[in-house]
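First up is the structure itself, then whatever we jot down about it.
The values are calculated or read from the model by the stated rules, or taken from the named source; none is laboratory data. Everything quoted here is computed from the prediction, not taken from an experiment. With ligands, DNA and RNA removed, areas are computed over all heavy atoms of the protein, side chains included. Shrake-Rupley method; radii C 1.70, N 1.55, O 1.52, S 1.80 Å.
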Amino acid sequence: MTNFEVIIYEKQNDIGYVTLNRPQALNAYNLRMRDELYEVLGAIKDDPEVKVVIFRGAGEKAFCAGADLTEFLTAPSPVIARRVRWERDVWGLFLSITKPLIAALHGYVLGSGIEIALCCDIRLASEDAQFGLPEVGLGIIPAAGGSQTLPRVVGKAQALEILLTGRWVKADEAHRLKLVNQVVSRQDLLPAAERLARKIKAYSPIALNYSKQAITRGLDLSLEQGLELEARLGDGLFNINKRAI
Ligand code: COA
């Protein structure tokens, strides 16, 4: 187990567990969390012992209540903000991970909270989960990819409505919108995520990796290019499997 200040990172039986750990501030995403998440994501990416990862939030009330409002717009200058973003591209790193990532979401899932969840591949929510993007109400736009990842998951019209109105979505509606794959009881949230993780980790890591790439990269391509990508990945996997025999 690696304990940072605001994130707990554990590994058990090939499963990585990332817990956002500022329950007293509803796991609000602050600069410290950004730095620690960057380190943890790098470790996940490089560690062959981690086959699948579960993201969750500490405490009863929230997965993550968004960016830390006490640090709101505190960057010393746009130039420095841009440099930090370049050096620590947490969201680029997140989306570049080819291992299966599962988000176990409860309570408030706001702003960066949704955006973290959208960087994951499978989202489970407990019945008490509530989702929202409050950015526009604060005079800003999502900064962690949400304006791009949300419409790719729920479609343009729903994403626009959620973002432009700041309307919150409860778990059952999130399920209808396909923002989450399953809704379970609060008690069953982690066990349900672990059941999925155990099923997934039993498969070949390279087949999981290539399958994830085929879908996530393919979605940004034309059908023709996507089919080419699938064929390339399929051939690559076939050759790897052949060499292994
Ligand atoms: N940044 C920093 N601190 C936050 C926070 C955030 N985004 N969200 C909640 N907190 C802190 C509160 O200040 C409070 O701290 P305190 O106990 O020291 O006063 C603590 O977390 C508990 O929050 P509280 O507001 O008392 O809980 P609640 O259940 O009454 O309300 C929310 C929950 C989520 C509705 C409310 O906290 C809220 O609106 N948070 C801001 C959401 C937001 O706009 N996020 C930014 C997205 S870009």
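Remark: the Cα gyration tensor places the chain in the rounded category, a/c being less than 1.5.
For the chain, the longest principal axis of the alpha carbon atoms and the long axis of helix 205-218 meet at an angle near 60°.
Summed over the residues of the stretch 1-70 and divided among them, the accessible surface reaches 46 Å² per residue at a probe radius of 1.4 Å. Share of the stretch 162-245's accessible area from carbon and sulfur, percent, 1.4 Å? Accessible surface attributable to carbon and sulfur in the stretch 162-245 totals 58 percent. In the context of the full set of protein chains, residues of the stretch 95-230 present 49 Å² of accessible surface per residue (probe radius 1.4 Å, heavy atoms only). The calculated 222 nm mean residue ellipticity attributable to helices in the chain amounts to -14000 deg cm²/dmol, summing -39500 (n - 2.57) over DSSP H runs of n ≥ 4 and dividing by all residues. For the stretch 172-245, the gyration tensor built on C-alpha atoms gives an oblate shape. Its axis ratio a/c (a ≥ b ≥ c) is at least 1.5, and a/b is not larger than b/c.
For VAL52, the residues whose amide H sits under 5 Å from its own are GLY16, ignoring neighbours fewer than 5 places away on the same chain, with H placed 1.01 Å from N. On a 0 to 90° scale, report how tilted helix 156-165 is relative to the longest principal axis of the chain, with both axes built from alpha carbons and the result rounded to the nearest 10. The angle comes out near 20 degrees.
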